[in-house]
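Novice: Structure below; questions to follow.
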Amino acid sequence: MNHREGDHHITGRTDRGFTLVEMLLVLVILSTLAAIIYPSMAKHGLRARITATKTQIQILRTALAQFEMDNDHYPQGRNGLLELVQRPPDAKNWRGPYLEKKVVPKDAWGRDFIYECPGRHSPESYDILSLGQDGIAGTEDDIGSWQPDN
């Protein structure tokens, strides 16, 4: 039997694709690499969010200090951060808005900061709190203005 070039042999194919075993092997290798790399990358993402939230708290602290210098008191109550961008009715020397973007920032998880004046941790001034990644108050991932590294 004469075979012409390009004809397929009965015993095998020349244009063969990947077998199921080869595909599964590649999938296992990629999954293993992802399992090794992802936790490291996720940890960097969390660290970046924590740093961004601490930076936002510092920005709010600076704005609150400016507000206090102008008005001789910090904004009162839980909604006091709004007074940094909206003139409160009782403010005689309000020179705001005290935030550059004229909006109260959210933490890195998209939640509002919790502001209390007077603060529980800083009764002479205020507390600013982010509920952190889990969104639950009182857990160890909370980020507060009274904490030493803020």
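The values are calculated or read from the model by the stated rules, or taken from the named source; none is laboratory data. These numbers come from a predicted model, not from an experiment. No Cβ is skipped: glycine too gets one built from the backbone with ideal geometry, and neighbour counts run over all protein chains shown.
Novice: Return the only residue of Lys102, Lys92, Lys43 being part of a helix (DSSP H, G or I) and modelled with pLDDT under 95. Let's see the steps before the verdict.
Specialist: Details: Lys102 fails: part of a helix (DSSP H, G or I); Lys92 fails: part of a helix (DSSP H, G or I).
One residue alone meets the criteria, Lys43.
Novice: Could you pull out the residue among Asp70, Asp141 that is within 25 Å of Arg49 (Cα to Cα) and among the charged types (D, E, K, R)?
Specialist: Going through Asp70, Asp141 in turn, just one is within 25 Å of Arg49 (Cα to Cα) and among the charged types (D, E, K, R): Asp141.
Novice: Next question, about the same structure. For segment 94-150, which positions are surrounded by 18 or more Cβ atoms within 10 Å (Cβ to Cβ), within 15 Å of Gly77 (Cβ to Cβ) and of a type in the set (Val, Ile, Thr)?
Specialist: Within segment 94-150, Val104, Ile128 qualify.
Novice: Let me ask another. Which of the residues belonging to segment 19-29 are exposed (fewer than 10 other Cβ atoms within 10 Å of the Cβ) and either part of a helix (DSSP H, G or I) or aromatic (Phe, Trp, Tyr) (or both)?
Specialist: Hits for segment 19-29 are Leu20, Val21.
Novice: Please verify whether segment 112-127 includes one or more residues that are in contact with a helix residue (DSSP H, G or I) (Cβ under 6 Å, 6 or more places away or on another chain) and aromatic (Phe, Trp, Tyr).
Specialist: Scanning segment 112-127, I find at least one residue that is in contact with a helix residue (DSSP H, G or I) (Cβ under 6 Å, 6 or more places away or on another chain) and aromatic (Phe, Trp, Tyr), so the answer is yes.
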